[in-house]
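Working notes for the structure below.
Values in this text are rule-based calculations from the coordinates and carry no lab data. Computed from a predicted model, the values in this text were never measured in an experiment. Cβ: placed from backbone, ideal geometry, glycine included. Neighbour counts: every protein chain shown.
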Ligand SMILES: Cc1cc2nc3c(=O)[nH]c(=O)nc-3n(C[C@H](O)[C@H](O)[C@H](O)COP(=O)(O)OP(=O)(O)OC[C@H]3O[C@@H](n4cnc5c(N)ncnc54)[C@H](O)[C@@H]3O)c2cc1C
């Protein structure tokens with residue numbers, strides 16, 4: 001069933017936040033609309049207002065903010081992918097954004113929408129989690145900054161309240177000796193949701209041992225996750241194939257322990273381990 005709603009567009013961020021303050025409970029925010037339109041068409045959402053934020057210029061820039069690079073939540077994937085600073089600084093996220101949907105979806109879809117939709121399979125989230133992303137969230141009279149890992153609390157569920165708007169994504173750049181990788185398994189190359197996705201970031205010290213390592217896995221648990229136990233299990237060690245293999249198997253074991261064994265476990269366990277292993281190899285075995 002199609003829902004009837006009033007379309008609203010505001011000219012400034014403050015007007016938008018004031019509108020949410022007054023009508024947030026009966027409003028759905030629309031950025032690119034790629035997720036929202038499906039819910040409106042399908043009738044799973046029937047708001048009184050749809051608030052179009054796509055033209056808000058204040059949340060369409062990339063700038064330095066404290067130790068972070070702040071990405072305006074309203075920039076589209078296509079705009080972000082074409083930004084050379086982002087491509088150079090966040091290569092795993094860059095690859096991840098290129099995997100989203102199709103060119104048409106990337107031309108309108110936004111990172112803010114991907115985060116707020118909070119799908120377990122969101123392509124961008126592992127790529128942001130390895131940069132310990134923090135999310136800037138504003139309402140009419142205040143701003144809060146929440147870690148992405150804490151913001152998403154379950155499938156399609158997060159801590160945003162109806163009067164809040166994601167305005168920026170804060171990503172901490174890493175030194176040039178870090179390497180990054182993003183990989184996914186999906187039915188097809190485009191227009192296909194990831195069955196498993198993973199992002200890895202790491203560096204070696206002067207002795208060739210693993211100094212820093214961050215692993216994030218998506219699509220296989222209620223939310224994308226950082227895999228700290230596996231990270232810590234091999235930090236300080238020389239990155240030999242066998243230990244990378246053990247760490248990837250630990251990731252798969254932890255995921256299966258978390259979600260419980262299912263009919264798909266036979267496929268999922270080697271798929272998770274294999275994908276994480278490839279990312280670890282990209283990052284730790286190819287350090288030229
Ligand atoms: C055909 C198709 C293929 C797709 N393929 C992929 C894929 O491969 N990988 C993937 O990760 N996703 C995929 N998606 C999902 C979607 O494109 C992404 O999640 C996209 O990033 C959503 O962004 P948007 O701007 O279109 O969000 P919208 O649809 O506008 O909004 C999504 C949700 O977020 C809320 N919202 C939007 N912006 C904000 C904000 N700034 N603050 C607070 N709340 C906000 C909206 O109210 C809504 O609930 C696909 C979608 C389609 C239709």
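Before moving on, here are some points about what is shown:
- Choice from 61, 142, 248 showing the highest fluctuation, given a GNM over the chain with Cα pairs closer than 10 Å: 142
- Global dimensions of the range 1-144 from alpha-carbon coordinates: Rg and Dmax equal 15.5, 47 Å.
- Spatial extent of the chain: Rg and Dmax, with the Cα atoms as the point set, Å: 19.4, 64
- Residue 67 paired with residue 261, simple spin-label distance in nm, labels 7 Å along Cα-to-beta-carbon: 4.3
- Quotient of Cα Rg and 2.2 N^0.38 Å for the range 6-52, N being how many residues it contains: 1.11
- Placing R0 at 22 angstrom, the Cβ-Cβ distance between residue 60 and residue 161 gives a FRET efficiency of 0.40 after rounding to 0.05.
- Distance from the alpha carbon centroid of the range 75-128 to that of the range 23-57 works out to 20 angstrom.
- Between residue 221 and residue 242, the simple spin-label model (points 7 angstrom out along Cα→Cβ) gives 2.8 nm.
- For the chain, the longest principal axis of the Cα atoms and the long axis of helix 265-280 meet at an angle of about 80 degrees.
- Helical contribution to [θ] at 222 nm, DSSP H n ≥ 4, -39,500 (n - 2.57), averaged over the chain, rounded to 500: -10000 deg cm²/dmol
- A Gaussian network model of the chain, with springs between Cα atoms under 10 Å, assigns the largest mean-square fluctuation among 116, 252, 261 to 261.
- Each Cα pair under 8 Å and six or more residues apart adds its sequence gap; the mean of these over the residue count of the range 60-171 is a relative contact order of 30 percent.
- Springs between Cα atoms under 10 Å define the GNM used for the chain, and in it the highest mean-square fluctuation of 213, 75, 17 occurs at 17.
- Shape category assigned to the range 166-283 from the gyration tensor of Cα positions, a/c cut at 1.5: oblate
- For the range 60-171, diffusion coefficient by Stokes-Einstein and Kirkwood Rh (Cα), 20 °C, 1.002 mPa s, µm²/s: 154
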